[in-house]
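Derivation of every value follows stated rules applied to the coordinates shown; laboratory data play no part. Please read all numbers here as calculations on a predicted model, not as lab measurements. Cβ: placed from backbone, ideal geometry, glycine included. Neighbour counts: every protein chain shown.
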Amino acid sequence: MEKTNTLERLLQVEANAASLVKDAQSEADRRIQENEEKNHIAHEERLRSETQLLEASLKNEKEKIIERYQKELDEYRKEISCVSADTERFSALLNQYMEERV
């Protein structure tokens, strides 16, 4: 009888141990999943933040380039508006070039 009680007690201890291991594994799995979700959310937030910073920087650089382009274009237009066309000299030079080619 004592052997049966001891055996039953050992089986009960083993069942309790198996239950504890199962509960511990479930808890570990839950914590891992929770941490993965938190990390994913944090990663997405960092990515969103970096994207916003890069987009703002890109917009700023684009505006600077457009402004510089417009300034250079205005300066070029101003320079060429001051230049007069010397059509007589151009015609003479063109005629001379054409005569050399013939």
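A few points about this structure:
- For region 1-30, filtering for residues that are surrounded by 10 or more Cβ atoms within 10 Å (Cβ to Cβ) and either among the hydrophobic types (A, V, I, L, M, F, W, C) or outside any helix (DSSP H, G or I) (or both) leaves 11.
For (1) exposed (fewer than 10 other Cβ atoms within 10 Å of the Cβ); (2) in contact (Cβ under 8 Å) with a residue 24 or more places away in the chain; (3) among the polar types (S, T, N, Q), each residue gets a yes or a no:
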position	(1), (2), (3)
H40	no, no, no
E44	no, no, no
Q52	no, no, yes
S57	no, no, yes
R68	no, no, no
R101	yes, no, no
